[in-house]
Structures are given as C-alpha cells and as structure tokens.
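Following: one structure in structure tokens, then a few remarks.
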Amino acid sequence: MNNASLMEKRSIDYVPLAERHGKVWHLWTVWFSGDAHLATLAVGVLGITLGGNLLWTGIAVIAGCALGTFFMAFHSTQGPRLGLPQMIQSRPQFGYTGALLVWAVALIAYIGFNAFNQVLAAQALHQLSGSIAPASPVAIILFAAAAVALAIVGYDKIHFAQRAFAYLMIAILSVFSVGALFRLEVPAVQWDLAGFKAVPFLAELFAAASYQLSWSIYVSDYSRYLPRDVGVRASFWWTYLGAFIGGTWMMLVGTIAAAATSPKLDVAAAMERAADAIIPGLGKVLLLGGLLGLVTVSALNFYGASLTLLSVADTFRPLQCTVSKRIVSLLAAMLVSTGIALSASGEFINRFADLLALLLYLFTPWTAINLVDFYVVRKGHYSIREIFNPDGMYGQWNWRGLLAYAVGFVAMIPFFSTGIYQGPIARALGGADIAMLVGLPIAALVYLAACRSIDLEHEKTLAARADFGLDADNRVGT
C-alpha cells in the first residue's frame, strides 16, 4: 500500500466536493469516543475533591456538559460547509496574521491536554502492572508514539478507530453502570440534598463546560470531508448527542468512583477499586478501555496540533500541503507534549483543574466570535481562496475580532477563580467561577456591533468571484 492510499493527503487545504465522503452519523461515534477515556473521568472527580457530594456533583456534571456541548456542536456544521479545518477558519474574524492569537490558544490546549493524557496513561499502566513506574518515561514516550501513529494515517483511520472503540466502551460502561446500581455502596451523605456547596458545584459545572467547549477548536476537523449538503440540524445533533452522552457518562463514572472510594486516590486507582467492588476484575477491563480511549483522543489532539502548526507556518510563508510536512508537524507536537509530561509533578488533579479553567477563559471569547460570525454576520458565506491569500479581502489584522476577543477576555478577569489567581468578584462569591457566563455575551455583542460597518453584500460578491472554479482544482500534495 503506498503513501497515497495509506495516509491522508490533505491537511489545512480545502477538501473539494469530489473528495467528500462519509455519513453524518459517524460524528456520533467520533465524539462519544472523544470523551470516553481516562482524562474525562478526572473531570468528574473535581467536585468531590473540593468537598462536594455525589448528588450535587452529578447535577453539575450534567448541566456543565449540556452547556459546553451546546456551543461546541454548532461548530460541527462548519466543516461540511467550508471543507476546512476549524482553526484556519478564524482568519475571516481575526485576519490572516491576527488569527495567530487563537492558534496559540489552540496549541496550549492540544499540547496541554496531551501532556496530561501521557501522565495519566503512565498512572493507568502502573495500576495495571506494578512493575511499571507511575511516571515511567518509557510508558509516556510509547503512549505518545502510538497516538502519533494513528494521527499520521489521518482522518479516515481516526474515524474508523473511534467507531470501533465506541462500541467497546458502550459495552464496558453499561456493565459498570448497571452493576453500580445494585452492587456499589456509596455513603448516605453523598446523596444528601442539603449537602449543596456553591464552590464545588460551580467548579465542577464550569470544569465540565470548559472540557466540552475545548472540543470547539477541532470539531470541524472531523466533519470537513462530509458532503456539503449535510444540514445544520443533522451535524449539530449527531455531534451534540455523541459528545454529551460520552462526556456525561464518563464523568459520572469518575464522580461515582471518587464518592465510593476516596477523592485522595489517583483517578486510575479510584476507578479500578470502584469497578472491582461491582465485579472482581472489572476494574482492569475499565482501565484498559479508558487507556485505549486515551490513545485515540491523544491522536485527535496531535492531529489538531499538526493542523494548527501548519496554519502558523502558512502565515509566515504560504506552503504546499504534503504528507511529509504533516508528519514533521506531528513529531514536533509530540516532542513538546512529551517534554512537559516528563517534567510534570504529582499534583495532577489540581493542575488539571487549573488547565481547564485557563482553557475556559481563553476559548470563551473565541467561540462566541466564531459562531456569531458564521451564523449571524456572514451566514456561512466565505471565500476559501481568500482565506489563504495573505493580501486578500480579510486583511492581515481584523480589528473587529481582536477587539471583541480582548474586551470579552478582560471582562472575565474579575470573575476568574483558579489556584493561581482569584478575581475580586469571584472572592466575593466565595470562590465561585461564573466567568464563562460573562465572556460569551460580551464578546458576541462587541463583535456584532463592530461588524455593522462591513458591507456584507459586497463581500459576498467578492467571495463568489474569488472562488469561481474552486472545485475544478483537485491537486493534492504528496
């Protein structure tokens, strides 16, 4: 099998209509599997570690996933419409060069998540076999290599792996969930309705929302090969249901495991102990499933990091997309995340919570601007060729997107609440973090106001003229 048939040939370039394929329901398995792994379990543990009980932490998980996934799923329909990865689509809102701002944010997410995934994978392997050190450099490196290998073969193979893994995890999680109803003993205080605590509840709610929202930066990466006539409703709901069910289910498993054992245990140990209390040996099965899921989701992260690094390179010097360039960018992302993972301390859960909070702050203005631009301002009308034109109609720096992002981000600062910094309003609220509820509407309204000066009809005409004959050119790098 040659490179052309084994590996995906495209990267940040446009996918012509003649190459579109796949079924929209495949988005369900991509995003179910995207959440059905060990790192998602860690999100469900956060509320318990902060002193919340199972009842209220579970409610926070469900509400947070519902909120974050709502915004995330709307990005999915951008893929079939534009045939482009998610991040390159930020150029119309921020400018050809200005989009570097959001790409830097995306790289923090991709690299940060994978560094944590690598640490968590080593912990899980240690739990499975005591002969493997909990921070084994060999385990961390081999795990990253497996994820990169899947990312190298690309889009279709990632979709296939996610579908196969989804069926496996549905079976494992079903056994755990049914067994937990009848076999798992949870202290009565964990179900106490009067045990509501605002800080753990809000921390869990927005951690779950942030975790789901963080998918926004690469949702359309995995829908961009779908036919253009895939509707908004279909792509939204298949994405939403997959991510919401996968995220909620896996987080609740983490919540239950922590409540039934001890929040002081690491994620892998708590999960194995809880599962073994249901059926002896189930813990290792659940750990192995979660570990496989961690490999596939890390492949998604490396894939997204590769596309973003290539977008950055394209900004400074327009490039022809080739398989070799994609492989080099994947190896670069692997080196950075592995370096971070190897130097990580044992404060995994606390640092993971801070990472989720940081990502929430950084993604909130961007997702508001991107969605408002696509659905309200430009209504999906963009020029693909002009997105790749350094001197094109979208300009080098788009003050509208940059201003809205800055205002939205600054408006959230008094509401920040992390282990590193706590804003004055967050302190007044007892440490509760509601920054997302402030940043979303402010960034959206500022961007809408700034876009009133755009001559949209003229821009639409220019876009149609620029993209005339776009699908006639099917040349692909090798």
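Derivation of every value follows stated rules applied to the coordinates shown; laboratory data play no part. Predicted, not measured: the structure shown is a model, and the values here were computed from it. Positions of Cβ are generated from backbone atoms using ideal geometry, with glycine treated the same way; all protein chains shown enter the neighbour counts.
General observations
- Summarising the label geometry, the points placed 7 Å from Cα in the beta-carbon direction at residue 428 and residue 149 lie 5.6 nm from one another.
- Rg and Dmax of the chain, both derived from C-alpha coordinates alone, stand at 21.9, 67 Å.
- Extension reserve of the residue 156-residue 461 stretch, reckoned as 0.36 nm per residue once the Cα distance is removed: 106.3 nm
- Cβ-placed point charges (K, R +1; D, E -1), dipole of the chain about Cα centre in debye, nearest 20: 440
- Note on residue 316 and residue 171: their simple-model spin labels are 4.8 nm apart, each label 7 Å out from Cα toward Cβ.
- Label separation (residue 186 vs residue 17): 5.2 nm, computed from points 7 Å beyond Cα along the C-beta direction.
- In this structure, the amide hydrogen of residue 86, modeled 1.01 Å from its nitrogen in the peptide plane, lies closer than 5 angstrom to those of 220, 221, counting only residues at least 5 positions away or on a different chain.
- Over the chain, Cα pairs under 8 Å with separation of 6+ residues give a relative contact order of 30 percent.
- Along segment 37-46 the Karplus relation, 6.51 cos²θ - 1.76 cosθ + 1.60 evaluated at θ = phi - 60°, assigns HN-Hα couplings of 8, 5, 4, 5, 4, 4, 5, x, 7, 4 Hz to successive residues, with x for each Gly and Pro.
- Length gained when the stretch residue 164-residue 470 is fully extended (0.36 nm per residue, less Cα-Cα span): 106.7 nm
- Vicinal HN-Hα couplings computed from phi for segment 310-315 (Karplus, 6.51 cos²θ - 1.76 cosθ + 1.60; Hz; Gly/Pro x): 5, 5, 4, 4, 5, 5
- Annotation: extensible slack from residue 132 through residue 25 equals 34.6 nm (criterion: 0.36 nm per residue apart, minus Cα-Cα distance).
- Expected 222 nm ellipticity per residue - DSSP helices of 4 or more, -39500 (n - 2.57), all of the chain, to 500: -22000 deg cm²/dmol
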